[in-house]
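Asker: First the structure, which I've put down as structure tokens, then a few questions once you've had a look.
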Protein chains: 2
Amino acid sequence: MSEHRASRQPALTNPRSDRVRSVRALSQRSVRARTGLFLAEGPQAVREAVAHRPDQVRDVYVTAPAAERHTDIVATAVAARLHVHEASPEVFAAMAGTGTPQGVLAVCRPAALVLEDALAALPPDAVVCVLTQVRDPGNAGTVIRAADAAGADLVVVSDSSVDVYAPKVVRATAGSLFHLPLVVGVPVEQILAALGERGIRRLAADGSGRTLLPDADLRGAHAWVLGNEAWGLPEQTRAGCDDVVRVPIHGLAESLNLAMAATVCLYASAETRRRARR
Amino acid sequence: MSEHRASRQPALTNPRSDRVRSVRALSQRSVRARTGLFLAEGPQAVREAVAHRPDQVRDVYVTAPAAERHTDIVATAVAARLHVHEASPEVFAAMAGTGTPQGVLAVCRPAALVLEDALAALPPDAVVCVLTQVRDPGNAGTVIRAADAAGADLVVVSDSSVDVYAPKVVRATAGSLFHLPLVVGVPVEQILAALGERGIRRLAADGSGRTLLPDADLRGAHAWVLGNEAWGLPEQTRAGCDDVVRVPIHGLAESLNLAMAATVCLYASAETRRRARR
């Protein structure tokens with residue numbers, strides 16, 4: 001099997017090859033855990049991966065039409081000396097986990113950091129986003145995208161949450177998975193303790209909070225702790241935080257969904273910091 | 001066919017009856033247009049409908065187990081003198097458009113207002129949410145939920161948008177469809193003109209905007225004009241607005257999705273108004 005760089009010769013044509021099977025298998029969590037690899041699918045995710053984290057990219061697969069359409073992705077990957085493989089449409093369809101493959105995917109290595117190292121690298125006015133017991137892939141990915149857009153410095157995902165390297169999460173991050181430092185797999189108690197030791201204020205975002213978001217103190221380093229989409233944060237987690245903050249509900253809605261609440265909280269932090277930095 | 005009020009006798013047992021067929025058919029847009037009816041499915045939507053807009057509810061259908069589980073919904077419906085029909089599980093499954101019917105649904109009448117009347121009823125510091133060319137049902141519903149949570153006074157959906165009475169939109173509003181005045185089916189040019197005549201400032205929310213959200217003037221009556229999830233607002237629509245505002249992107253993310261951007265904008269309006277009203 002030839003590996004080539006941006007050549008237009010279809011190198012991979014056998015949809016039943018071991019390589020194709022092994023790529024396809026990365027949609028399974030057990031295979032990701034065993035191999036230490038995951039899939040980034042679609043032009044948006046792959047573009048961000050090759051541009052921002054080429055060190056995380058092991059292989060790029062592209063169909064001939066997609067290579068024509070996304071010359072920027074191929075050029076960036078080639079410039080980063082990545083392996084770009086051209087795949088026939090049949091091979092690509094057999095590799096892709098999605099129903100509508102868009103002709104570009106990358107096999108990537110996670111770049112998850114050790115919690116202590118990640119915290120040590122934070123600026124003094126850091127904004128951190130902690131996810132615990134978030135189970136829905138779309139929600140987890142959307143919150144990571146919001147954290148990126150709001151300029152958060154770090155995302156920490158507890159061990160009780162969805163696997164952030166699952167294809168649906170990667171897709172929902174819209175490339176933001178490759179923009180932000182990420183820590184995964186740590187128990188939430190340990191995350192809260194480590195934040196406390198560093199003097200990073202822990203703000204639980206929960207509908208039960210007594211502090212309204214506009215009244216919350218968002219100056220200096222702090223972390224938003226976000227819980228499950230349906231049942232929020234357990235009492236024990238809230239008790240381990242420095243404050244419990246709720247987004248005000250002005251109308252008759254019972255609540256905001258997790259991603260919306262996270263976005264509003266993270267943007268409130270961003271705006272406070274923007275003013276302080278002026 | 002007997003109609004009864006909160007009786008526990010299973011009255012509807014024939015999944016092939018005309019009534020069952022006519023309820024099921026409401027998942028089709030053409031049938032909704034012809035009959036002037038729509039479906040609210042699941043306990044959350046039906047609870048809000050019977051509590052806040054019993055005038056919109058024509059019939060409530062409930063399975064025996066769901067009636068046991070949601071006694072509050074049945075009690076509220078009965079108190080509002082609504083028709084509550086008990087349906088066998090087979091009948092209910094045949095009626096419900098969702099894959100996982102939760103045993104409660106209501107056949108409702110839209111309460112869409114005439115634009116001029118809705119605008120005339122607004123407070124002097126009104127916040128209005130306008131959706132145009134929004135095509136994804138989940139996005140449309142989530143924005144309506146965000147508008148409700150942020151205390152917006154009116155939602156206006158242009159004729160070029162998804163049908164807000166489609167089951168997926170109703171579900172995504174999480175009951176908020178029954179909380180807010182709603183205008184549908186008006187061309188966006190007409191919406192913008194009517195807002196302008198009333199002195200309601202029109203703020204296009206668009207990534208191309210020159211005004212950053214924190215710098216936008218959100219005092220007094222204004223309307224957020226939100227466009228398509230993929231391509232934003234057309235030039236012509238932006239030109240018809242008083243300002244084009246963008247949510248700042250602090251990190252490397254290309255953008256926020258429509259629902260997140262809408263939530264951040266609507267909450268900025270809510271916070272400005274909260275301070276002004278103090």
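The values are calculated or read from the model by the stated rules, or taken from the named source; none is laboratory data. Just so you know, these numbers come straight off a predicted model, no measurement behind them. Glycine also receives a Cβ, built like all others from the backbone with ideal geometry; neighbour counts cover every protein chain displayed.
Asker: Which condition breaks for B:ARG171 when tested against (1) under 10 Å from the mean Cα position of the chain (by Cα); (2) within 18 Å of B:LEU233 (Cβ to Cβ); (3) basic (Lys, Arg)?
Answerer: Of (1) under 10 Å from the mean Cα position of the chain (by Cα); (2) within 18 Å of B:LEU233 (Cβ to Cβ); (3) basic (Lys, Arg), only one is false for B:ARG171: (2).
Asker: Provide a single number: the residues in the range B:224-244 that are among the aliphatic types (A, V, I, L, M), modelled with pLDDT of 95 or more and farther than 16 Å from B:ASP159 by Cβ.
Answerer: So the answer is 2.
Asker: Still on this model: Mind listing just one residue for me: the one in the range B:75-101 that is farther than 21 Å from B:GLN28 by Cβ and within 23 Å of the chain's Cα centre (by Cα) and, of those, surrounded by the fewest Cβ atoms within 10 Å (Cβ to Cβ)?
Answerer: B:ALA80
Asker: Specify the residue that is surrounded by the most Cβ atoms within 10 Å (Cβ to Cβ); the eligible residues are those in the range A:151-191 that are small (Gly, Ala, Ser), in contact with a Pro (Cβ under 9 Å, 6 or more places away or on another chain) and under 17 Å from A:TRP224 (Cα atoms).
Answerer: A:SER158
Asker: Which residues, counting only those in the range A:140-156, are within 12 Å of chain B (Cβ to nearest Cβ), touching a residue at least 40 places away in the same chain (Cβ under 8 Å) and closer than 20 Å to A:PRO110 by Cβ?
Answerer: A:THR142, A:VAL143, A:ALA147, A:ALA152
Asker: Check the range A:67-80 and report whether any residue there is over 30 Å from A:ARG198 (Cβ atoms), modelled with pLDDT of 95 or more and in contact with a Phe, Trp or Tyr (Cβ under 8 Å, 6 or more places away or on another chain).
Answerer: no
Asker: Out of all the residues in the range A:34-74, which are in contact with a Gly (Cβ under 7 Å, 6 or more places away or on another chain) and surrounded by fewer than 15 Cβ atoms within 10 Å (Cβ to Cβ)?
Answerer: Of everything in the range A:34-74, just one residue is in contact with a Gly (Cβ under 7 Å, 6 or more places away or on another chain) and surrounded by fewer than 15 Cβ atoms within 10 Å (Cβ to Cβ), namely A:PRO65.
Asker: Being within 26 Å of B:VAL127 (Cα to Cα) and of a type in the set (Gly, Ala, Ser) narrows it down to one residue among A:GLY185, A:GLY251; which is it?
Answerer: On the way: A:GLY185 fails: within 26 Å of B:VAL127 (Cα to Cα).
Selected residue: A:GLY251, the only one of A:GLY185, A:GLY251 that is within 26 Å of B:VAL127 (Cα to Cα) and of a type in the set (Gly, Ala, Ser).
Asker: Still on this structure: Regarding B:SER30, is this residue loosely packed, with under 14 Cβ neighbours inside 10 Å, among the hydroxyl-bearing types (Ser, Thr, Tyr) and at pLDDT 95 or above?
Answerer: Yes.
Asker: Another question, if that's okay. Taking the range A:213-249 only, how many residues are at the interface with another protein chain (Cβ under 8 Å from one of its Cβ atoms) and surrounded by fewer than 23 Cβ atoms within 10 Å (Cβ to Cβ)?
Answerer: Residues meeting the conditions: 3.
Asker: Turning to a different aspect of this structure: Search the range B:250-278 for residues being of a type in the set (A, V, I, L, M, F, W, C) and surrounded by fewer than 17 Cβ atoms within 10 Å (Cβ to Cβ), and hand back the single one that is nearest to the other protein chains (Cβ to nearest Cβ). I'd like the intermediate steps shown before the answer.
Answerer: Restricting attention to the range B:250-278, the residues satisfying the condition of being of a type in the set (A, V, I, L, M, F, W, C) are B:252-253, B:256, B:258-262, B:264-266, B:268, B:270, B:276.
Narrowing the set further to residues that are surrounded by fewer than 17 Cβ atoms within 10 Å (Cβ to Cβ) leaves B:252, B:276.
Working: B:LEU252: 4, B:ALA276: 13 Å.
The extreme case among them is B:LEU252.
Asker: Identify all residues within the range A:234-273 that are out of contact with any strand residue (DSSP E or B) (no Cβ under 8 Å at 6 or more places or on another chain) and either outside the structural domain of A:LEU218 (by TED's automatic domain parsing) or among the β-branched types (Val, Ile, Thr) (or both); write none if there are none. Quick ask: steps written out before the conclusion?
Answerer: Here is the first cut: in the range A:234-273, the ones out of contact with any strand residue (DSSP E or B) (no Cβ under 8 Å at 6 or more places or on another chain) are A:234-236, A:239, A:249-257, A:259-260, A:263-264, A:267-268, A:271-272.
Passing the criteria: A:ILE249, A:THR263, A:VAL264, A:THR272.
Asker: Could you tell me whether the range B:47-62 includes any residue that is at pLDDT below 95, on the phi < 0 side of the Ramachandran plot and not assigned by TED's automatic domain parsing to the domain that holds B:LEU182?
Answerer: There is no residue in the range B:47-62 that is at pLDDT below 95, on the phi < 0 side of the Ramachandran plot and not assigned by TED's automatic domain parsing to the domain that holds B:LEU182.
Asker: Tell me which of these B:LEU113 doesn't satisfy, since it passes every other one: (1) in contact with a strand residue (DSSP E or B) (Cβ under 9 Å, 6 or more places away or on another chain); (2) surrounded by 19 or more Cβ atoms within 10 Å (Cβ to Cβ); (3) among the hydrophobic types (A, V, I, L, M, F, W, C).
Answerer: (2)
Asker: Looking only at the range B:116-127, filter to residues that are surrounded by 12 or more Cβ atoms within 10 Å (Cβ to Cβ) and out of contact with any His (no Cβ under 7 Å at 6 or more places or on another chain); which one of those is farthest from B:PHE178 (Cα to Cα)?
Answerer: Looking at the filtered set, the residue picked out is B:ASP125.
Asker: If you go through the range B:267-277 one residue at a time, do you hit one that is in contact (Cβ under 8 Å) with a residue 24 or more places away in the chain, out of contact with any helix residue (DSSP H, G or I) (no Cβ under 9 Å at 6 or more places or on another chain) and under 22 Å from B:LEU115 (Cα atoms)?
Answerer: yes
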